[in-house]
Amino acid sequence: MTNPFDLASEAAAKIAELSGIQNHDIALTLGSGWAKAADLIGETVATIDATQIPGFLPPAVHGHVATIRSVKLPSGKYALILGARSHYYEGHGVRQVAHGVRTAAATGAKIMILTNGAGGIKETWKPGTPVLISDHINLTADSPLEGAKFVDLTDLYSSRLRAIARTVDASLDEGVYCQFRGPHYETPAEVQMAKHIGGHIVGMSTALEAIAAREAGMEILGLSLITNLAAGIQKTPLSHEEVIQAGKDAEVRISGLLAEIVSKL
Ligand code: 8IG
């Protein structure tokens, strides 16, 4: 099997060929609720079907988009937008999960912005609240790293980038992201466990990606859109449709916030 870094280099070369942009400066993975940011951060110079790029698979989940965009920012920098993400629960393994961020790094990106829709444990958060990720607890019992790579994860979610985000919105709260493997949501008891071990956000994507992004040398900004309160915190059952709807309702507001943050990087 091709080594994952060679595959990421091949993917980056294909993105350069199809977009005409040789080097990207920052990259964003846009999760549920964040997609509109792609239209707000700058001028799209190329939209690529992700399945044309080596190593990318079609999305498994309704409501997720499979395009890769190259966007010219007002500053003259270029952003690579990954609309396609492989989730761990899809069962294609950690290499597949890490391929997007490794490709981003191979296109030259030094900053990786990881966004997601997630469940909130703090009762003060209402659906539609954007939250900065301050740290994570990886409950997947897996790692995207292969072999003896002892990567430091202190300040994984860059305090420098979080401070920049707060210059845009001083009221942005932050929390510790707990990644469960999914695709089922948690039981209320698991949510209580996450709370007791120091978690504030529950999700299924970002911790593994952040580890791979750090291994690739990127500085990371993590943002969660709280689309629902976690199981048992919210008294009603969780439904994927409601989660998608909460994302849509918040999309314009939080995408504007993200675009403003990007303009300061
Ligand atoms: I959107 O409540 C969304 N993604 N693990 N738990 C987990 N992932 C999520 C949740 C949630 N909501």
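Tell me, what is the FRET efficiency for ASP142 and SER75 to the nearest 0.05, using R0 = 30 angstrom and their Cβ-Cβ distance as r? Walk me through the numbers on the way to the answer.
Details: r = 37 Å, r/R0 = 1.23.
The computed FRET efficiency comes out at 0.20.
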Open item on the list: Angle check, please: helix 4-19 long axis (alpha carbons) against the longest principal axis of the chain (alpha carbons), in degrees 0 to 90, nearest 10.
Closed with: 70 degrees
Open item on the list: Run the reach check for LYS72 against lysines, Cα to Cα strictly under 16 Å, same-chain hits fewer than 8 apart removed. What comes back?
Closed with: LYS36, LYS110, LYS264
Open item on the list: Taking the Cα centre as origin and putting +1 on Lys and Arg beta-carbons and -1 on Asp and Glu beta-carbons, what dipole magnitude results for the chain, to the nearest 20 debye?
Closed with: 300 debye
Open item on the list: For LYS122, give me every one of the aspartates and glutamates with a C-alpha distance below 17 angstrom, ignoring sequence neighbours fewer than eight places off in its own chain.
Closed with: ASP135, ASP173, GLU174, GLU186, GLU190
Open item on the list: Run the simple label-point estimate for THR2 and ALA170 please: 7 Å along Cα→C-beta, distance reported in nm.
Closed with: 4.9 nm
TODO: Hey, for a label at SER263 modelled as a point 7 Å past Cα toward Cβ, could you say which residues of the range 13-55 have their backbone N under 15 Å away?
DONE: 37-43
Task: Under 17 Å from LYS77, Cα to Cα: aspartates and glutamates that are on another chain or at least 8 residues apart - done: ASP25, ASP39, GLU43, GLU219, GLU260
Task: Charge dipole of the range 1-91 about the Cα centre (unit charges at C-beta), most positive-ward option of ILE15, LEU40, THR2 - done: LEU40
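Decide, for the range 24-143, between rounded, prolate and oblate: order the square roots of the alpha carbon gyration tensor eigenvalues as a ≥ b ≥ c, take rounded if a/c falls under 1.5, and otherwise choose prolate if a/b is larger than b/c, else oblate.
Values: a/c = 1.64, a/b = 1.20, b/c = 1.37.
Oblate, because a/c is 1.5 or more while a/b does not exceed b/c.
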- [ ] Using label points projected 7 Å from each Cα along Cα→Cβ, tell me how many nm separate ASP152 and ASP39, to one decimal.
- [x] 4.3 nm
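Throughout, read-outs are computed from the coordinates displayed, never taken from laboratory work. Computed from a prediction, not measured in an experiment: that's the story for all the values here. Every residue, glycine among them, receives a Cβ derived from its backbone with ideal geometry; neighbour counts consider all protein chains shown.
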